[in-house]
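K.L.:
The structure that follows is given in the form of structure tokens.
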Amino acid sequence: MKDRIYIDGALPQWKGNLHLHTTRSDGRASPREAIAYYRDAGYHFIMVSDHELYWDQPMAEAGDMLLLAGSEVSLAPHGRGLHSIGDQRHKSLHLLLVYDERLRSVQPPPWGHGQAIPRQADTGISAWNQLIARHKSQGHFVFLCHPRWSRLLPEDLLALEGCQALEIWNHGCQASESVAESGYEWDYCLSRGKRVLAIATDDVHDYADQARQGRGGFTMVSAPEGDGPSLMDALDSGRYYASSGPLIQDLRVRDGRLVMRFSPAQEVRLVAAHGYAPTHYPPPGQASFTSLDWPLDPGLLYVRAEVIGPTGRKAWSQPIFLDDLA
Ligand SMILES: [Zn+2]
Ligand SMILES: [Zn+2]
């Protein structure tokens with residue numbers, strides 16, 4: 001089995017939130033207030049993702065924090081009740097578009113700052129895939145928002161093509177409907193060989209509420225530098241992970257073993273298909289632990305780790321696909 005570094009402890013990590021709303025759409029803080037809120041909390045990058053409204057503008061309030069260009073987009077209800085019956089009432093595709101800053105000199109963003117992004121009719125899976133393909137061709141990374149809140153079924157997810165990652169944790173959906181985590185949906189895809197990674201986001205609308213609850217979801221990017229193109233390189237190659245609190249400091253495969261270092265944890269769950277992967281606990285007499293070392297079964301399709309911190313908050317590693325190490 002090959003050695004491979006997934007999160008390199010020798011590199012810095014950059015904290016970001018790719019999903020937030022302001023008074024430009026249905027959020028309750030102005031863009032200036034929202035940006036200051038994240039800057040003061042020590043974030044390194046954010047994307048102001050108001051619905052169908054493009055962001056591409058620097059702001060003095062950001063200070064050293066990067067403001068990525070992009071938006072949250074969806075499709076307009078078709079009007080024939082396609083997705084509006086019973087427990088399907090929320091069923092809708094929401095996507096985060098993150099403009100790939102490496103392209104700026106050759107393929108500028110398709111919309112200017114503040115420009116409205118037209119919505120097309122939601123006529124089902126083919127329309128969803130056309131939407132994803134178009135946004136990718138226009139220079140965006142495409143992330144799937146809140147699968148659980150959207151009531152996406154496993155077959156919907158399997159049919160979706162081109163989303164680089166899904167929101168394994170969307171904190172706004174926890175506050176509103178306790179549907180933040182989409183672990184079942186993720187493993188359903190992974191265990192069938194569909195490669196999709198994970199991010200975590202705040203999707204904050206009400207900043208006062210969120211300040212009381214604590215910030216909920218963020219994405220940590222591992223890159224040598226914190227500039228836009230370096231972050232994009234890391235997004236492109238999967239060098240990031242999702243968290244609602246704990247940190248994964250280093251994650252690698254070495255000599256056929258999964259080796260990890262993380263912030264103090266009460267439990268680390270290894271999730272795998274198809275085979276055995278145990279949950280790890282602190283040694284006897286200790287309340288927490290900060291590393292693990294586990295022999296990988298080369299017959300597994302994938303394995304991923306969930307680090308559970310002292311307050312129950314989680315970090316989710318990306319899946320390790322054993323085929324990549326053969
Ligand atoms: Zn949404
Ligand atoms: Zn949103």
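K.L.:
Test each condition in (1) of a type in the set (Gly, Ala, Ser); (2) more than 30 Å from PRO31 (Cβ to Cβ); (3) buried (at least 19 other Cβ atoms within 10 Å of the Cβ) for ALA200 and report the one that comes out false.
P.N.:
(2)
K.L.:
Only one of ASP202, ASP209, ASP255 is away from ligand 1 (no atom under 16 Å from the Cβ) and modelled with pLDDT of 95 or more; which? Write out each step before concluding.
P.N.:
Values: ASP202 fails: away from ligand 1 (no atom under 16 Å from the Cβ); ASP209 fails: modelled with pLDDT of 95 or more.
Being away from ligand 1 (no atom under 16 Å from the Cβ) and modelled with pLDDT of 95 or more holds for just one of ASP202, ASP209, ASP255, which is ASP255.
K.L.:
Something else about it: Go through region 45-70 and give me each residue that's surrounded by fewer than 19 Cβ atoms within 10 Å (Cβ to Cβ) and in a loop (DSSP other than H, G, I, E, B).
P.N.:
Of everything in region 45-70, those that are surrounded by fewer than 19 Cβ atoms within 10 Å (Cβ to Cβ) and in a loop (DSSP other than H, G, I, E, B) turn out to be GLU52, GLN57, PRO58, MET59, GLY63, ASP64.
K.L.:
Follow-up. What is the residue count in region 114-131 for residues that are within 15 Å of ligand 1 (Cβ to nearest atom) and not basic (Lys, Arg)?
P.N.:
Here the count works out to 4.
K.L.:
Mind listing whichever residues of region 153-199 are among the charged types (D, E, K, R), within 21 Å of SER237 (Cβ to Cβ) and within 15 Å of ligand 1 (Cβ to nearest atom)? Give the steps one after another, and end with the answer.
P.N.:
If we filter region 153-199 for residues that are among the charged types (D, E, K, R), which is where we start, we get 155-156, 161, 167, 177, 181, 185, 187, 192, 194-195.
Checking which are within 21 Å of SER237 (Cβ to Cβ) leaves us with 161, 167, 194-195.
Answer for region 153-199, where residues must be among the charged types (D, E, K, R), within 21 Å of SER237 (Cβ to Cβ) and within 15 Å of ligand 1 (Cβ to nearest atom): just GLU167.
K.L.:
Within region 235-266, which residues are without any contact (Cβ under 8 Å) to a residue 40 or more places away in the chain and either crowded, with 17+ Cβ neighbours inside 10 Å or in a strand (DSSP E or B) (or both)?
P.N.:
ARG257, VAL259
K.L.:
Would you pick out the residues in region 173-189 that are hydroxyl-bearing (Ser, Thr, Tyr) and more than 16 Å from ligand 2 (Cβ to nearest atom)?
P.N.:
Answer for region 173-189, where residues must be hydroxyl-bearing (Ser, Thr, Tyr) and more than 16 Å from ligand 2 (Cβ to nearest atom): SER178, TYR184, TYR188.
K.L.:
Testing THR23 on (1) touching a residue at least 12 places away in the same chain (Cβ under 8 Å); (2) within 15 Å of ligand 2 (Cβ to nearest atom), one condition comes back false. Which one is that?
P.N.:
(1)
K.L.:
Among the residues of region 41-79, which ones are at pLDDT 95 or above, within 16 Å of ligand 2 (Cβ to nearest atom) and of a type outside the set (Val, Ile, Thr)?
P.N.:
MET47, SER49, ASP50, HIS51, GLU52, LEU53, TYR54, TRP55, LEU68, GLY70, SER71, GLU72
K.L.:
OK, next. Go through region 149-172 and report how many residues are of a type outside the set (A, V, I, L, M, F, W, C), closer than 30 Å to TYR207 by Cβ, under 15 Å from the mean Cα position of the chain (by Cα) and away from ligand 2 (no atom under 14 Å from the Cβ).
P.N.:
As a first pass, look at region 149-172 and keep what is of a type outside the set (A, V, I, L, M, F, W, C): 150-151, 154-156, 161-162, 164, 167, 170-172.
Keeping just the survivors that are closer than 30 Å to TYR207 by Cβ gives 150-151, 164, 167, 170-172.
Next, only the ones that are under 15 Å from the mean Cα position of the chain (by Cα) stay: 164, 167, 170-172.
From the residues that got through so far, the ones that are away from ligand 2 (no atom under 14 Å from the Cβ) too are 164.
Count: 1.
K.L.:
Of the residues that sit in region 190-223 and are in a loop (DSSP other than H, G, I, E, B) and within 18 Å of LEU68 (Cα to Cα), which one is nearest to ligand 2 (Cβ to nearest atom)?
P.N.:
Looking at the filtered set, the residue picked out is ASP203.
The values are calculated or read from the model by the stated rules, or taken from the named source; none is laboratory data. Computed from a predicted model, the values in this text were never measured in an experiment. Ideal geometry is used to build each Cβ from the backbone, glycine not excepted, and the neighbour counts take in all protein chains shown.
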